[in-house]
Amino acid sequence: MHELTCPSCSASAQYDLNSYLLMCPTCSATFSFDLESGRKEIFAEHFIIPNAIDSGQVRNLVLQWIKRIHHKPGTVEREYFITDAKGYSIPFWIVSLEAHTSWKGLVKRQKSAAEMLTTGYVTESGVFRRSYRWAVSSRKNICEHWGLTELHEPKEAINIEWDGFPLDSTFSRGRIDPTTGVKTSKESLEGELPAYGVREYFDFKFSNGLPILSVEIDEEEALRRARLHVELYHFKIAKLNVDIPVDIRTELDIAGLQLIHLPFWHIRYLYRPSSALRHFQKTDKKNIIIEGYTGGVLKSELAIIQRDKIWINAALCSAAALILFFLGSIWHPAFLLVAFFFLLIAGASAYIATIRRGSKENETSSFFYERKEQEEHIEKV
Ligand SMILES: [Zn+2]
């Protein structure tokens with residue numbers, strides 16, 4: 001820690017010089033400090049999206065969300081326990097950019113008799129352009145909070161391999177229907193501004209109690225990463241058009257760069273069923289990420305996943321088979337046949353559960369089942 005005076009209000013305070021930018025606790029001014037020359041420079045493009053919810057509302061939102069996807073909503077409050085809900089205001093570099101992509105590639109086509117001698121491919125090409133406010137974490141450890149490394153959920157059937165995300169579409173998803181009455185103070189979803197539109201010049205007071213995390217990554221790295229993310233993303237979008245890509249090129253126009261503190265809540269919960277399922281269910285904690293602007297669920301894990309249910313089925317069938325074998329051996333051989341049948345089901349369940357283990361799709365749940373089904377469909381096609 002280092003004692004410095006603020007270049008804006010002259011108040012002195014202790015600062016951690018490992019941070020790339022410093023924030024004055026008195027007047028909220030943001031500035032850089034060069035240790036060698038002692039030069040301080042105010043950084044004006046620093047904003048914050050106010051946190052609008054508290055931990056009580058977060059808990060309600062999570063219960064509401066579980067009820068929505070649970071097959072027996074009435075049991076939710078008895079069986080689900082929120083163990084902790086922590087909020088953070090996390091700094092992101094927001095890169096406003098426009099990306100132009102042109103692509104060319106070969107597409108397989110149905111061969112007619114006359115074409116049997118040709119290669120069976122035709123060349124196709126196209127262009128598309130998109131604008132983003134691309135968010136790149138300005139924390140050194142992007143894994144310090146659960147779920148933040150893969151917040152981007154593109155509409156296209158592609159796997160993301162980057163941690164950045166488009167701010168507008170990310171911060172407007174996963175909201176709980178306002179008719180349930182649990183949503184935050186705002187009346188309707190339609191009239192709402194996108195999160196970006198409600199940003200304020202940075203001031204500690206807008207975090208509404210959340211800890212403000214420091215800025216550790218500089219603009220240059222943020223720009224480099226944003227370029228890489230968008231180029232990769234557009235490469236993958238373009239590739240969907242062709243069977244063999246030949247030439248895919250993306251050019252980026254960077255329109256601006258801002259630093260914005262975004263509100264996030266990380267919730268962990270436990271599922272403890274009151275039925276016999278309890279004896280089969282591991283009670284490890286599951287995670288949910290909620291944005292603190294309107295309380296949209298951005299990323300979540302389901303407590304009881306399909307694979308677990310199949311394992312439970314396997315265990316129950318094995319137990320039944322065991323009892324029936326016992327009965328068959330002391331009473332009537334007909335039981336042996338039934339026992340054998342149960343053993344078959346148990347074996348099949350265990351097999352299905354095992355082959356599903358590798359599939360991440362079943363591990364995480366989000367609101368985007370439909371999208372994921374489409375992806376699977378497209379992959380198969
Ligand atoms: Zn100050």
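Here are some notes:
- The range 244-267, subset exposed (fewer than 14 other Cβ atoms within 10 Å of the Cβ) and not aliphatic (A, V, I, L, M), residue farthest from Asn287 (Cα to Cα): Asp247
- Every test in (1) in contact with an Asp or Glu (Cβ under 7 Å, 6 or more places away or on another chain); (2) of a type outside the set (D, E, K, R); (3) more than 16 Å from the ligand (Cβ to nearest atom); (4) closer than 30 Å to Arg175 by Cβ is passed by Leu61 save one, and that test is (1).
- Test for Ile94: is it under 26 Å from the mean Cα position of the chain (by Cα), within 22 Å of Asp203 (Cβ to Cβ) and among the β-branched types (Val, Ile, Thr): yes
- Residue match in the range 30-38 (condition: in the same structural domain as Glu219 (by TED's automatic domain parsing) and touching a Ser or Thr at 6+ places or on another chain (Cβ under 8 Å)): no
- Residues in the range 119-141 that are within 16 Å of Leu259 (Cβ to Cβ) and surrounded by 13 or more Cβ atoms within 10 Å (Cβ to Cβ): Arg133, Trp134, Ala135, Val136, Ser137, Ser138, Arg139.
- Odd one out for Glu41 among (1) away from the ligand (no atom under 11 Å from the Cβ); (2) buried (at least 18 other Cβ atoms within 10 Å of the Cβ): (2)
- Ser32 being surrounded by fewer than 17 Cβ atoms within 10 Å (Cβ to Cβ) and among the hydroxyl-bearing types (Ser, Thr, Tyr): yes
- Top-ranked residue of the range 190-234 - restricted to ones that are in contact with a helix residue (DSSP H, G or I) (Cβ under 9 Å, 6 or more places away or on another chain) and assigned to a helix (DSSP H, G or I), ranked as modelled with the lowest pLDDT: Ala195
- From the options Val76, Val95, residue that is of a type in the set (A, V, I, L, M, F, W, C) and more than 27 Å from Trp134 (Cβ to Cβ): Val76
- Against the conditions (1) part of a helix (DSSP H, G or I); (2) modelled with pLDDT under 75; (3) within 30 Å of Ile82 (Cα to Cα), Ile304 satisfies every one except (1).
The values are calculated or read from the model by the stated rules, or taken from the named source; none is laboratory data. Keep in mind the model is a prediction, meaning the values are calculated, not measured. In this analysis, Cβ positions are derived from the backbone assuming ideal geometry, glycine residues included, and neighbour counts consider all displayed protein chains.
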